[in-house]
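Novice: Okay, here's the structure, questions in a sec.
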Amino acid sequence: VKRSGGRDYQFFHPSMAAAAENRRRLENELRLAAERQELRLFYQPIVDIQQNRLAGAEALIRWVHPQQGMVPPDDFIPVAEETGLIQEIGLWVLETACDQLQQWRREGREDLYLSINVSGSQIPHGLPPSAVMEALSRRSLPPGALVLEITEGVLMSDMKQALEWLQALRQVGIRIYLDDFGTGYSSLSYLKRFPVTTVKVDKSFVRDMGQDSSDRALVEAIVAMTRSLGLEVVAEGVENEAQLALLRGMGTRYGQGYHFSRPVPAGDFSAVTERLETL
Ligand code: C2E
Ligand code: CA
Ligand code: CA
Ligand code: CA
């Protein structure tokens, strides 16, 4: 906003006022969204691309706004984080994901796991390991059924706290995925220091793999490195057959992306499951 010369709209510009007003409205509506049951989880399959079978799913939040329709998480999760609403939303995500796991088990899908996204601001007090364990045990779910996805940023803010939080979860058998891998700093040292089980290669690298040989080399290096560390890899953003073939060739174990399915509501997931069964 700091532009010099010409008209001076540094202190007042109608669009700035409008943006602030929008933001206030969004905040208030988000506050009510949970109790009005406007939040939903969508589910996107994670596929074992070596064995051609469905392995699990990632839960991705959606806000079905009464006027604006589907609001994507990138438009409201940052607001939820800044206002602290993420604590409440995060617990709702945990409970809803566990309900879904229980539902799949009733349908005979004991093999499916579900991963949920956890914001840095939820760690450690917003999502204490005891609350996670409780949500699982209340439904007699094994800890292996749930995965928590975190990003490097989480580990950067308060390392000691983050490490304790991670260790407590790992001790009881809950797996941790390191999301958006390759986009931040010091990724390598974090992998050594923090007890994560799996790395998710960011979709930006997968997207350009076909055209960009340096992206291809990067993905290949990540796959090789994680393997030598005894970690699993999920490649996200797999959109076509060519990317899938490259990833398979590199020995990538898991893939996720529009090529298999977009994130879908719970009710549509069994149809997706059936389609993937015939891979
Ligand atoms: P993310 O965790 O990195 O999730 C992957 C995003 O990539 C999702 O966007 C997903 O819909 C999208 N995606 C999946 N496959 C493809 C593909 O083949 N191509 C492309 N271009 N995109 C693909 P989405 O659902 O809009 O979520 C955006 C971000 O919002 C997530 O990024 C995550 O950081 C955050 N988020 C989503 N749900 C939650 C939640 O329950 N809690 C928190 N704290 N954050 C969440
Ligand atoms: Ca994720
Ligand atoms: Ca990601
Ligand atoms: Ca992300």
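The values are calculated or read from the model by the stated rules, or taken from the named source; none is laboratory data. Note that the structure is predicted; figures quoted are calculated from it, not measured. Neighbour counts run over all protein chains shown; Cβ positions are idealised from the backbone, glycine included.
Novice: List the number of the failed condition for Ser204; all other conditions in (1) away from ligand 1 (no atom under 13 Å from the Cβ); (2) surrounded by fewer than 18 Cβ atoms within 10 Å (Cβ to Cβ); (3) not in a loop (DSSP other than H, G, I, E, B) hold.
Specialist: Evaluating Ser204 over (1) away from ligand 1 (no atom under 13 Å from the Cβ); (2) surrounded by fewer than 18 Cβ atoms within 10 Å (Cβ to Cβ); (3) not in a loop (DSSP other than H, G, I, E, B) leaves (1) as the failure.
Rundown of residues vs (1) crowded, with 21+ Cβ neighbours inside 10 Å; (2) assigned to a helix (DSSP H, G or I), yes/no style:
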residue	(1), (2)
Leu155	yes, yes
Gln161	no, yes
Glu164	no, yes
Leu188	no, yes
Leu191	no, yes
Gln211	no, no
Ala217	no, yes
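Novice: Shifting gears a bit: Taking the stretch 171-186 on its own, how many of its residues are away from ligand 1 (no atom under 15 Å from the Cβ), assigned to a loop (DSSP other than H, G, I, E, B) and of a type in the set (S, T, N, Q)?
Specialist: The total comes to 1.
Novice: Residues of the stretch 103-117 being within 16 Å of ligand 1 (Cβ to nearest atom) and either assigned to a loop (DSSP other than H, G, I, E, B) or hydrophobic (A, V, I, L, M, F, W, C) (or both), which ones?
Specialist: Leu114, Ile116
Novice: While we're here: So which residues in the stretch 235-268 are within 14 Å of ligand 1 (Cβ to nearest atom), outside any loop (DSSP other than H, G, I, E, B) and buried (at least 18 other Cβ atoms within 10 Å of the Cβ)?
Specialist: Within the stretch 235-268, Ala235, Gln243, Leu244, Leu247, Tyr254, Gly255 qualify.
Novice: In addition: Considering only residues that are within 16 Å of ligand 3 (Cβ to nearest atom) and among the aliphatic types (A, V, I, L, M), which ones fall in the stretch 61-76?
Specialist: Ile61 - this is the single residue of the stretch 61-76 that is within 16 Å of ligand 3 (Cβ to nearest atom) and among the aliphatic types (A, V, I, L, M).
Novice: Also: Mind listing whichever residues of the stretch 191-232 are more than 16 Å from ligand 4 (Cβ to nearest atom) and among the acidic types (Asp, Glu)?
Specialist: Asp208, Asp212, Asp215, Glu220, Glu232
Novice: Of all residues in the stretch 134-153, count the ones that are surrounded by 18 or more Cβ atoms within 10 Å (Cβ to Cβ) and either farther than 18 Å from Glu58 by Cβ or among the acidic types (Asp, Glu) (or both).
Specialist: Number of matching residues: 2.
Novice: Looking only at residues in the stretch 219-234 that are of a type in the set (Gly, Ala, Ser) and not in a loop (DSSP other than H, G, I, E, B), which one is nearest to Asp48 (Cα to Cα)?
Specialist: Filtering first and then ranking leaves Ala224.
Novice: Within the stretch 43-54, can one find any residue that is within 19 Å of Pro72 (Cβ to Cβ) and assigned to a loop (DSSP other than H, G, I, E, B)?
Specialist: The answer is no, given that none of the residues of the stretch 43-54 is within 19 Å of Pro72 (Cβ to Cβ) and assigned to a loop (DSSP other than H, G, I, E, B).
Novice: A further question follows. Go through the stretch 187-196 and give me each residue that's within 16 Å of ligand 1 (Cβ to nearest atom) and either closer than 19 Å to Asp215 by Cβ or over 18 Å from the mean Cα position of the chain (by Cα) (or both).
Specialist: Across the stretch 187-196, the qualifying residue is only Ser187.
Novice: For the subset of the stretch 118-153 comprising residues that are within 16 Å of ligand 1 (Cβ to nearest atom) and assigned to a helix (DSSP H, G or I), which member is farthest from Gly108 (Cα to Cα)?
Specialist: Gly153
Novice: Got a sec? Which of Asn52, Asn28 is in contact (Cβ under 8 Å) with a residue 60 or more places away in the chain, surrounded by fewer than 15 Cβ atoms within 10 Å (Cβ to Cβ) and more than 16 Å from the chain's Cα centre (by Cα)?
Specialist: Asn52
Novice: With the checklist (1) surrounded by fewer than 20 Cβ atoms within 10 Å (Cβ to Cβ); (2) among the β-branched types (Val, Ile, Thr); (3) closer than 30 Å to Glu38 by Cβ in hand, flag the one item Thr197 doesn't pass.
Specialist: If we test Thr197 against (1) surrounded by fewer than 20 Cβ atoms within 10 Å (Cβ to Cβ); (2) among the β-branched types (Val, Ile, Thr); (3) closer than 30 Å to Glu38 by Cβ, just (3) comes out false.
Novice: When only residues in the stretch 65-86 that are farther than 19 Å from Leu127 by Cβ and in a loop (DSSP other than H, G, I, E, B) count, which is modelled with the highest pLDDT?
Specialist: Pro72
Novice: Let me ask something else about it. Checking the condition over 15 Å from the mean Cα position of the chain (by Cα) and under 25 Å from Asp48 (Cα atoms), which residue from Glu107, Glu82 passes?
Specialist: The conditions single out Glu107.
Novice: For the stretch 168-185, give me each residue that is away from ligand 2 (no atom under 16 Å from the Cβ), over 17 Å from Asn117 (Cα atoms) and within 20 Å of the chain's Cα centre (by Cα).
Specialist: Gly173, Tyr185
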